[in-house]
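Please read the structure below before turning to the comments.
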Amino acid sequence: MMNNNGSTIHKFNRFELKYVISLQQAERIKTGLKRYLIPDEYGHGNGRYTLSSLYYDSPDLRCYRENEQGLKFRRKLRIRRYETGEVFTDESPVFLEIKQRYDRVTQKRRTVLPYREALRLCNDRQIPSNGLGDKALLDEIYVFLWQYDLRPASLVRYDRQAFTGTGYDPGLRVTFDTSLSFQARQLHLHEQPSGLPMLPADSVVMEIKVNERIPYWLADLIAVHNLQRVGVSKYCRSIEAAQSMSSTRRLSLRAESSQDVLASSFSAFSTLEQRMGIGREQKEHKEQGVEVSHGHS
């Protein structure tokens, strides 16, 4: 979906079912899925891609606590980066998302901003003034940031293989996440990952995302493999893992300006890139209306 100033906006309302399974189980289930679903067209090789999510929370981890308490209405804010293999700069597009849940329904609202603009909003409380993004969503995020004093809390990274429904099962999406890692310090999307494992190496988080109801064939597949639903939140798991490593058992969330973030190792690389002219062609294409693919969810 495109708004009137050309920014990509996505809004999803759906049900999400989650399972933690083994690598062997995942491969057997994928074999059954391939009769009905197709690999995500935005993936790189059979629906595969890597993504990183920078989560924000209040100093007292209110978003985390609301999830753990099972409140009917809860939400969280994140900046999400899909790795494309291209050079990542402060102008690279990232998703700025509010993911919220009301009772059993999950809603995700997101828009695309250059990385530096997403940081300026989330870290400096500066709404883009150049017409970028969805204004209504950006205003909501701005209020959310001030209301809870949100600041970077955790960085989660993992590899995903995604399958989507055809015309017979529109809106259906099944994903398999592996190599889940987290960082509680140096929370910069642009730097080389230095995360620690969040789950055992053999664990896979399988998610079923559907608009209305699960197709009968998928319900049968779940029963055949005896899958048991679990309430697993990657963000909450990352916080718990970080707390278990802390001597005080309490995380101290650091407020960091966008200038400080961009002045890290990324800044020197970005300057070198600009001198070499790397990324100029991408920028020209963008100005001509050639956009980066934004189909992931």
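Things worth noting here:
- Residue match in the stretch 45-52 (condition: touching a Ser or Thr at 6+ places or on another chain (Cβ under 9 Å) and charged (D, E, K, R)): no
- Pair list, Cβ < 7 Å and 6+ apart or interchain, from the stretch 215-227 residues that are at negative phi to residues that are in a loop (DSSP other than H, G, I, E, B): Pro215/Asp169; Pro215/Leu172; Trp217/Tyr36
- In summary, Leu172 fulfils each of the numbered conditions (1) more than 17 Å from Leu251 (Cβ to Cβ); (2) surrounded by fewer than 21 Cβ atoms within 10 Å (Cβ to Cβ); (3) more than 17 Å from the chain's Cα centre (by Cα); (4) of a type outside the set (Val, Ile, Thr) with the single exception of condition (2).
- Every residue from the stretch 147-181 that is closer than 20 Å to Tyr115 by Cα, of a type outside the set (Gly, Ala, Ser) and assigned to a strand (DSSP E or B): Arg151, Pro152, Leu155, Val156, Arg157, Tyr158
- Of all residues in the stretch 264-287, at least one satisfies being assigned to a loop (DSSP other than H, G, I, E, B), within 24 Å of Gln192 (Cβ to Cβ) and at pLDDT 60 or above.
- Any chance Thr111 is buried (at least 20 other Cβ atoms within 10 Å of the Cβ) and farther than 30 Å from Met245 by Cβ: yes
The values are calculated or read from the model by the stated rules, or taken from the named source; none is laboratory data. Note that this is a predicted model, so its numbers are computed, not measured. Cβ atoms come from the backbone with ideal geometry, glycine included; neighbour counts cover every protein chain shown.
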